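Report on the following structure.
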Amino acid sequence: MKNDNNFEESENLTNNIKKFIPYTIKDILKMKFSKNPFLVESLIPEEGITIISGQPGSGKSWVAFHIVQCIASNKEVFGKFKTKKANILFIDGDTNFGEIQRRLKLMRFRQDRNIYIISEQDIMVDRSQDLERIINLIKEKNIGFIVLDPFVAFHDKDENISGEMKKVIQAVKKIMRKGTTVLIIHHHRKESENSRFHSAQNLRGSSAILGAIDSQIEVRSDRNNPKEIMVLSQHKARRSGSIGTFKIKMSEQDKIISFGYIGESFDNVPQRQKAEIHILDILESNKEMGFENLFDDNIAGETVFRDVLNSMEKDKKIKIRKIDHGKKLYSIILANPVS
């Protein structure tokens, strides 16, 4: 919502656009939009839909709370990504107020923040009366950012059926079109839990969900330090190029939880180098992996990956073992093997 000077360029554009009215190219080119179309720089598009996803226990909700805290106070997320200040509605469908209070205290939330929280209620976004209540609350409190955690708690449809998910997504879009930015916390498929193949396709449910959103960020625990380090990967970025993968630290000191950015994204790294880093990262903790577990189309194409694997074998960084039907398994060659 337009509750900050940063939003003046939009001039209530969303409210002025009428339904079923065709616009000429001249009309569209005259429209004024914000020069920075993000509520959270590079991660969360303004007046769009973003999904943060991962396995249970990966820290998704903690990350969401941190983002809420930063947007409420106009501070940088993870100390790196700039935000625009907004009023916030956090609807929790999974956690009671006791646990919410514990998290708020651990993160030192201030009492005067422009944050509103709903919990312990049966809310379905695709149920007309509930959708109306949410929209009325957005208008009443001038909400610019809304969090739904977790997605499964806000509908009773089969997530694997495209037609049913489209109805739920349409309801979420109605919320977004009231001038608010939507963040959804969602789970990954169970079969992806032990997989080293990180992809947007790990998102649970129909492809209609992934197709409808503007940004998707995967959260997973770092294998070397799962208690403190999280690895975040942006698999979809509709409004800009993906920032790739980076690491953050969630630390607790003197009963205060804080977040910090500790790893650079691969923005300026050539595709071949990105692919090699990705391959080595996977093979360091796995004895042998097939190509399907090493390939990530968010980094480079299949041809690039196969070429990099061949070069890595020539450079004696990895070895290849052929098995039945021409399939190959790849493993890392340790520089100083233990006898």
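The values are calculated or read from the model by the stated rules, or taken from the named source; none is laboratory data. This one's a predicted model, so the numbers in the text were calculated from it and none came from an experiment. Heads up, the Cβs are rebuilt from the backbone with ideal geometry, glycines too, and the neighbour counts pull from every protein chain shown.
Assorted remarks:
- If you go through region 313-324 and keep only what is over 13 Å from G290 (Cα atoms) and outside any loop (DSSP other than H, G, I, E, B), you end up with E313, K314.
- Selected residue (criterion: farthest from the chain's Cα centre (by Cα)) from residues of region 221-241 that are crowded, with 22+ Cβ neighbours inside 10 Å and not polar (S, T, N, Q): M230
- Taking every residue in region 140-160 that is farther than 13 Å from I209 by Cα and pairing it with any residue that is among the hydroxyl-bearing types (S, T, Y) and surrounded by 16 or more Cβ atoms within 10 Å (Cβ to Cβ), at least 6 positions away or on another chain, the pairs with Cβ-Cβ distances below 6 Å are I143/T180; G144/T180; F145/T181; I146/T180; D149/S61.
- Exactly one residue out of V40, V63, V125 is touching a helix residue (DSSP H, G or I) at 6+ places or on another chain (Cβ under 8 Å), in contact (Cβ under 8 Å) with a residue 24 or more places away in the chain and either charged (D, E, K, R) or closer than 21 Å to I257 by Cβ (or both): that is V40.
- Residues satisfying the stated conditions in region 134-161, i.e. more than 15 Å from V172 (Cα to Cα) and either among the polar types (S, T, N, Q) or in contact with a helix residue (DSSP H, G or I) (Cβ under 7 Å, 6 or more places away or on another chain) (or both): N142, D158, N160
- Matching entry among K75, K85 (being without any contact (Cβ under 8 Å) to a residue 40 or more places away in the chain and either over 19 Å from I184 (Cα atoms) or basic (K, R) (or both)): K75
- M165, sole failed condition from (1) free of Cβ contacts under 8 Å to residues at least 60 places away in the same chain; (2) touching a Gly at 6+ places or on another chain (Cβ under 7 Å); (3) closer than 25 Å to G59 by Cβ: (3)
- Residue tally, condition at pLDDT below 85, closer than 11 Å to R272 by Cα and exposed (fewer than 15 other Cβ atoms within 10 Å of the Cβ), over region 299-339: 0
- Matching residues, region 110-166, being under 21 Å from the mean Cα position of the chain (by Cα) and among the aromatic types (F, W, Y): F145, F151, F154
- Selected residue (criterion: surrounded by the fewest Cβ atoms within 10 Å (Cβ to Cβ)) from residues of region 276-294 that are at pLDDT 85 or above and closer than 12 Å to V308 by Cα: F291
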